[in-house]
Amino acid sequence: MFSLGFIGAGNMAGAIITGIIRKDLFRANEITIFDIDIEQSKKLSEGLGVKPSKTSRDLAENADTVILAVKPDKIAPVVQEIKDILRNSLTISIAAGVTISSIQSYLGVDSRVIRVMPNAPALVLEGASAFSGSHACRQGDIERARSILGAIGTCQELDESLLNAITGLSGSGPAFCFIFMEALADGGVRAGLDRDVALQFAATTMKGAAQMVLENHRHPAELKDMVCSPAGTTIEGVHALESKGMRSAVMDAIHAAYTRAMELSGT
C-alpha cells in the first residue's frame with residue numbers, strides 16, 4: 001500500500017479524499033494533508049478524519065504519492081520548497097493549466113509527474129477527469145492515478161496536448177450546463193410553474209437525459225429524434241433553439257474556454 005499526501009485542503013482535495021475513503025482505497029488515518037491555511041486544514045482533517053501535517057516537507061517526506069491540490073499560481077512556490085523530496089515521489093497535480101514540463105522544470109525531466117484536469121461534479125463524486133503522465137511514469141503510477149480519480153467519477157488517460165480541450169469541454173462545461181438548467185427552469189416559470197418545482201424538474205431532466213446517453217450508448221441526435229413527434233411540441237421547441245443559434249453558441253463557448261486554457265498554459 002502506497003502512502004498518500006495532499007498539499008492543499010480545498011474543495012477538490014476534500015472531494016477526492018471523500019471518494020477515496022468511500023471506495024475503501026484508504027482509511028482516513030492513512031491520508032495526510034497540509035494547507036497553509038491552518039483553519040482550512042483543521043476543518044478538513046476534523047471533517048474527514050485525515051491526518052494534518054505541520055509542514056509540506058513533513059508531508060512529502062512521509063508520502064510516496066503527493067497530490068498538489070493548490071491554485072495554479074501557488075504551484076511554483078510549493079514545488080520549489082520541497083523539490084528535493086518530490087524528485088523521488090509520484091507527483092499528481094490538479095492545477096488547471098499547469099503543464100507537466102513546468103513542474104519538471106523544478107523537479108527534473110526524469111521526475112514522475114501526472115497532470116489531471118478534474119471538474120466540479122467531482123464534488124458529488126460524479127466527476128469527469130482526464131490525466132496525462134510524464135515519460136518517466138511507470139505503469140503502476142498510471143494505474144495509481146486511475147484508481148484515485150476513479151473514486152470521484154470517470155477518468156481517462158489522454159495525451160497532454162488534449163488536456164486544454166478537456167478543460168474547455170468538461171472543465172468549463174458544468175457552468176454552461178448550469179446556465180442551460182437555469183434557462184430551462186425560467187422557461188418553466190414562464191409557463192406557470194412554481195420556481196422550486198421548475199428547477200427540480202429541470203435538474204432531473206438534464207440528469208436523466210445524460211444517463212440515457214451513458215447507459216444506452218446511443219447518439220444524442222438519435223435520442224433527440226426519438227422525443228420529437230411529427231408536428232409535436234418538442235420539434236417546435238427544437239426549431240426555436242436552432243433559430244437562435246444554440247448549437248453554434250455552445251460550440252463557440254467551448255472553443256473560447258479552450259483558447260483561454262491554451263493561453264494560461266502557455267501553449
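The values are calculated or read from the model by the stated rules, or taken from the named source; none is laboratory data. Treat the numbers as computed from the prediction; the structure is a model and nothing was measured. FYI the Cβ positions are ideal-geometry reconstructions off the backbone, even for glycines, and counts take in every protein chain you see. The area values use the complete protein model at the heavy-atom level, side chains included, leaving out ligands, DNA and RNA. Shrake-Rupley method; radii C 1.70, N 1.55, O 1.52, S 1.80 Å.
Rolling a 1.4 Å probe over the protein heavy atoms of region 139-179, with every protein chain left in place, gives an accessible area that is 64 percent carbon and sulfur.
About its Cα centre, the chain has a charge dipole of approximately 280 debye under the convention of +1 per Lys or Arg Cβ and -1 per Asp or Glu Cβ, with nothing else charged. For region 222-243 versus region 145-187, the inter-centroid distance based on Cα atoms is 26 Å. Counting only protein heavy atoms and a 1.4 Å probe, the chain has 57 square angstrom of accessible area per residue. Amide hydrogen proximity for residue 153: with H placed 1.01 Å from N in the peptide plane, the residues at 5 or more positions away or on another chain lying under 5 Å are 127. Across region 146-248, the relative contact order, built from alpha-carbon pairs under 8 Å that are at least six residues apart, equals 11 percent.
Each of residue 62 and residue 138 was given a label point 7 Å from its Cα along the Cα-to-Cβ line. The distance between the two points is 2.4 nm. Ignoring any ligand, DNA or RNA, what whole percent of the accessible area of region 51-108 comes from carbon and sulfur when the probe is 1.4 angstrom? Within region 51-108, the accessible surface is 48 percent carbon and sulfur.
What the phi angles of region 186-198 give under the Karplus curve with 6.51, -1.76 and 1.60, with θ = phi - 60°, is a coupling list of 4, x, x, 5, 4, 7, x, 7, 5, 4, 5, 5, 4 Hz, glycine and proline written as x.
Of the residues 206, 96, 189, the one whose Cα sits farthest toward the positive end of the charge dipole of the chain, with +1 on the Cβ of Lys and Arg and -1 on the Cβ of Asp and Glu, is 96. If the chain linking residue 3 and residue 177 were pulled fully straight, counting 0.36 nm for each residue of separation and taking away their Cα-Cα distance, it would gain 59.0 nm. Note on the chain: Lys pairs 8 or more places apart or on different chains, Cα atoms under 29 Å apart, count 27. Charge tally for residue 197 (other residues, Cβ to Cβ under 14 Å; Lys, Arg +1; Asp, Glu -1): -1.
Using only the alpha carbons of region 130-267, what is the convex hull's orientation-averaged projected area in square nanometres?
If I average the Cα hull's projected area over directions, I get 11.1 nm².
In region 22-73, which trypsin sites (Lys or Arg not before Pro) are in a loop and have at most 12 other Cβ atoms within 10 Å, using DSSP for the loop call?
27, 54
Its DSSP H runs of at least 4 residues, each contributing -39,500 (n - 2.57), put the calculated 222 nm mean residue ellipticity of the chain at -16500 deg cm²/dmol, to the nearest 500.
A Förster radius of 41 Å combined with the Cβ-Cβ distance from residue 209 to residue 267 puts the calculated FRET efficiency at roughly 0.75.
Listed values for region 216-226 are Karplus-derived 3J(HN,Hα) couplings in whole Hz (6.51 cos²θ - 1.76 cosθ + 1.60, θ = phi - 60°), namely 8, 6, 10, 5, x, 5, 5, 5, 4, 4, 5, and x replaces Gly and Pro. Our coupling estimate for region 77-83, obtained by passing each phi through the Karplus curve with A = 6.51, B = -1.76, C = 1.60 and θ = phi - 60°, is x, 5, 5, 4, 5, 10, 4 Hz, Gly and Pro reported as x.
For residue 6, the residues whose amide H sits under 5 Å from its own are 32, 33, 34, 67, ignoring neighbours fewer than 5 places away on the same chain, with H placed 1.01 Å from N. In loop segments of region 215-248 as defined by DSSP, the trypsin sites (Lys or Arg not before Pro) with at most 16 further C-beta atoms inside 10 Å of their C-beta are 218, 244.
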